[in-house]
Amino acid sequence: MDRPVIVTAYWASSALFKVVKIVHHNNIRSSLIGEKNRLSTKMATRIEPSIKVPREDTYMQNKRSSRALYKEIYNTLLPTFQDARACQAMTQQLLAHYFQCDRVALIMEKDIVISSQKVALLATAVQRLQQHEPIQYVLGKAPFLGRDFQVNTAVLIPRPETEEMVQCILQENERAGLRVLDIGTGSGCIAITLQQELQQATVHALEIDPKALAVAQANAQKLGASLQWLQADILQDILPDQQWDIIASNPPYVREKEQSHMHCRVLDFEPASALFVPDKQPLVFYERIATLAPRYLTPSGKLYLEINEAFGTEVAHLLTEAGFKAINISQDLNGKDRWVRGQLP
């Protein structure tokens, strides 16, 4: 199993302020202290960039060539990532977010106006990125099928594999007026996308964590989606007495023993409760959903489950035992078993 790696970086421009270095910087203050990462049991050293911020009236008049700034950022990132494509993508993200500078502006070498406020924002971002916090959390947003979703450490960062499952749902369900339930909604990316793309769909989103639910509700408001919200524990609580045409879920499916193969960007920042299941109960959520789904789905209702690549056959068997037909295991773009679909008679 491998939830995709999320790229992080740090940045500094020598023409704007002193270059930030992760190690061996003569200007790093001697008073740096080790503090525990707020989401990790590991100790992390917080590096403070030596940023010299000029007066506001001076900086407001400071213009830089976008191409020159791009090169400075890229050249700073490259030793960290040692990956040209990753550095290019990260540099473009930073320029777009902080300076609204797109590829066209870079090609035309348009000037960028630098303010002390932007430098301060960049300094904060540098500190967080140096600790390997995912860029999506630093910028506070992540793309999903053409929409930007607010994200923070209460929710998982949306993955391309989940986009593929949602695209499958949209392609297979074109009838208007469908009723949909998303179990474990997190940021709301599945539920909101289905509500926005399916014709006249009624969508319910279920989430156990109130902080995650707040993120999903904020995304729905921002994107103009109308959803019904359910705060509940799918493993213990009883669902409302109603039926849906589609149930979709991307539940926790990473075994605890798989943590050794995962990057600290995931382990230290993304919510463990949304990622991991006990080694001895890797299918605990699938067993529960497969048991409940026949009761809460309409006749011919469909169930879509994102899965751990190691358990496609086992999840399909659970659906067979629950009475589903037309069961299919689908692969993601990397050729790995990634979601299972089943339909009631």
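Before moving on, here are some points about what is shown:
- Residue in the stretch 313-322 that is touching a helix residue (DSSP H, G or I) at 6+ places or on another chain (Cβ under 7 Å), of a type in the set (D, E, K, R) and surrounded by 14 or more Cβ atoms within 10 Å (Cβ to Cβ) present: no
- Counted residues, the stretch 136-155 - those being at pLDDT 95 or above and assigned to a helix (DSSP H, G or I): 3
- The residue of the stretch 49-59 that is modelled with the lowest pLDDT, among those that are part of a helix (DSSP H, G or I) and within 20 Å of T124 (Cα to Cα), is Y59.
To keep it simple, each residue is scored yes or no on (1) of a type outside the set (A, V, I, L, M); (2) closer than 24 Å to Q131 by Cβ.
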{"site": "R67", "(1), (2)": "yes, no"}
{"site": "N75", "(1), (2)": "yes, yes"}
{"site": "T80", "(1), (2)": "yes, yes"}
{"site": "D83", "(1), (2)": "yes, yes"}
{"site": "A86", "(1), (2)": "no, yes"}
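- Here A205 clears all of (1) at negative phi; (2) crowded, with 24+ Cβ neighbours inside 10 Å; (3) out of contact with any Phe, Trp or Tyr (no Cβ under 8 Å at 6 or more places or on another chain) except the condition numbered (3).
- Filter result (of a type in the set (A, V, I, L, M) and either in contact with an Asp or Glu (Cβ under 6 Å, 6 or more places away or on another chain) or under 13 Å from C189 (Cβ atoms) (or both)) within the stretch 199-221: V203, A205, I208, A212, L213, V215, A216, A218, A220
- Verdict on S300 being small (G, A, S) and over 22 Å from G323 (Cα atoms): no
- Failed item, numbered, when I234 is tested on (1) in a helix (DSSP H, G or I); (2) closer than 22 Å to L206 by Cα; (3) of a type outside the set (K, R): (1)
- Of the strands (runs of 3 or more DSSP E) entirely within the stretch 248-345, those holding at least 1 residues that are within 18 Å of V166 (Cβ to Cβ) and among the charged types (D, E, K, R) occupy 297-306, 337-343.
This table checks each residue for (1) within 16 Å of the chain's Cα centre (by Cα); (2) of a type outside the set (S, T, N, Q); (3) in the same structural domain as Q196 (by TED's automatic domain parsing).
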| residue | (1), (2), (3) |
| --- | --- |
| V215 | yes, yes, yes |
| Q221 | no, no, yes |
| L230 | no, yes, yes |
| L235 | no, yes, yes |
| P240 | no, yes, yes |
| D245 | no, yes, yes |
| R255 | no, yes, yes |
| H263 | yes, yes, yes |
| L267 | yes, yes, yes |
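- Residue check for S330: touching a Leu at 6+ places or on another chain (Cβ under 8 Å), more than 20 Å from G184 (Cα to Cα) and assigned by TED's automatic domain parsing to the domain that holds I246: no
- In the stretch 247-266, the residues that are more than 28 Å from H317 (Cα to Cα), buried (at least 19 other Cβ atoms within 10 Å of the Cβ) and not basic (K, R): V266
- Residues of the stretch 227-246 that turn out to be surrounded by fewer than 17 Cβ atoms within 10 Å (Cβ to Cβ) and out of contact with any helix residue (DSSP H, G or I) (no Cβ under 7 Å at 6 or more places or on another chain), as a count: 9
- Annotation note: of L181, L122, L106, L198, the sole residue that is without any contact (Cβ under 8 Å) to a residue 60 or more places away in the chain and either more than 26 Å from L94 (Cα to Cα) or out of contact with any Ser or Thr (no Cβ under 7 Å at 6 or more places or on another chain) (or both) is L198.
The values are calculated or read from the model by the stated rules, or taken from the named source; none is laboratory data. Remember, predicted model here, so these are calculated numbers, not experimental data. All Cβ positions, even for glycine, are placed from backbone atoms using ideal geometry, and neighbour counts span all protein chains on display.
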